[in-house]
Amino acid sequence: MTHPFDLTGKVALVTGANTGIGQGIALALAAAGADLAVVGHIPPEETIAKAHALGRRTTFIEADLLSIEPVARIVDTAVAELGAVDILVNNAGIIRRADATGFSEQDWDDVMNINVKTVFFLSQAAGRHMIARGSGKIINIASMLSFQGGIRVPSYTASKSGVAGITKLLANEWAAKGINVNAIAPGYIATDNTAQLRADADRSASILARIPADRWGTPEDLGGAAVFLASRAADYVNGHILAVDGGWLAR
């Protein structure tokens, strides 16, 4: 009997796997047995090398996720090169910071396009493939700002609230078709996206003071949650937003 968290023979399509959260999740899935199709602007050479060291097959699919133009090609390429898409991780995202009174339309549109629009349409493309096969796992990356308002990140807050809503909507439509759609809501993780916050001594201290775990998270902290949601151990988990936050929401 295989372990319920075993992903051997599965193919995971992961966006934004070059560094940070995406890399941490991709390598956790690879360590659990999954082959990887990784999507982004730049080949994630370190991620690919580490996946190869684990004995996994990989393919890189170059795409600009600010537009939905490549979404069908992404799924078709992954299927052609690796045989299927069993797991989709919608990780790629951006953040723009400015006071609400001066926030630009361009910053609004860019964030909403990649963080919400592409997430939906890539899920749609992968979902069509998964529904035809009768199984699949979709994992979206939400945020603490799926639950809270944040400061100086209006489009990011709106986008991550949208991710939570899309996750629940797709779960409602697809759960009976064998597709599990869930999301991970990372807490404050030490990545490029939080570099500005960590560089602000006062802001960083106020954040750390609220985290019961008494530390910033790391990309590796999200790996177990991703493996769980991608595995048959989560076959009856649908439309859930799993916070991996060191206890932030509990305080």
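The values are calculated or read from the model by the stated rules, or taken from the named source; none is laboratory data. In this text the structure is predicted, and so the values were computed from the model without any measurement. Don't worry about glycine lacking a Cβ; one is built from the backbone with ideal geometry, like all the others, and counts go over all protein chains shown. The area values use the complete protein model at the heavy-atom level, side chains included, leaving out ligands, DNA and RNA. Shrake-Rupley method; radii C 1.70, N 1.55, O 1.52, S 1.80 Å.
Could we say that Glu62 is closer than 26 Å to Asp109 by Cα, surrounded by fewer than 20 Cβ atoms within 10 Å (Cβ to Cβ) and touching a His at 6+ places or on another chain (Cβ under 8 Å) here?
Yes, satisfied.
Yes or no: Val119 in contact (Cβ under 8 Å) with a residue 40 or more places away in the chain and in a strand (DSSP E or B)? Working first, answer last.
Details: in contact (Cβ under 8 Å) with a residue 40 or more places away in the chain: yes; in a strand (DSSP E or B): no.
Judged against the criteria, Val119 is not a match.
Looking at (1) closer than 19 Å to Leu13 by Cβ; (2) surrounded by fewer than 18 Cβ atoms within 10 Å (Cβ to Cβ); (3) touching a Gly at 6+ places or on another chain (Cβ under 8 Å); (4) not basic (Lys, Arg), which one does Glu81 not meet, given that it meets all the others?
Condition (3) is where Glu81 drops out.
Among all residue pairs at least 6 apart or on different chains, which show Cβ distances below 8 Å where the first residue, located in region 200-223, is of a type in the set (Ser, Thr, Tyr) and the second is surrounded by 17 or more Cβ atoms within 10 Å (Cβ to Cβ) and part of a helix (DSSP H, G or I)?
Final answer for the pair search is Thr218/Gly24.
Just one of Ile166, Ile151 is within 21 Å of Ile25 (Cα to Cα) and either open to solvent by 60 Å² or more (accessible area, probe 1.4 Å) or β-branched (Val, Ile, Thr) (or both); which is it? Quick ask: steps written out before the conclusion?
Details: Ile151 fails: within 21 Å of Ile25 (Cα to Cα).
Answer to the check: Ile166.
In region 34-49, which residues are within 26 Å of His3 (Cβ to Cβ) and open to solvent by less than 10 Å² (accessible area, probe 1.4 Å)?
Hits for region 34-49 are Ala34, Leu36, Ala37, Val38, Thr47.
Here's a check for you: in region 194-234, which residue that is of a type in the set (Asp, Glu) and either in contact with a Pro (Cβ under 9 Å, 6 or more places away or on another chain) or assigned to a helix (DSSP H, G or I) (or both) is least open to solvent (accessible area, probe 1.4 Å)?
The extreme case among them is Asp221.
Looking at region 129-148 only, could you name the residues that are part of a helix (DSSP H, G or I), open to solvent by less than 40 Å² (accessible area, probe 1.4 Å) and farther than 29 Å from Ser104 by Cβ?
Taking region 129-148 as the starting set, the residues that turn out to be part of a helix (DSSP H, G or I) are 129-133, 144-146.
In the following step, the residues that additionally are open to solvent by less than 40 Å² (accessible area, probe 1.4 Å) were identified as 129-130, 144-146.
Within region 129-148, His129, Met130 qualify.
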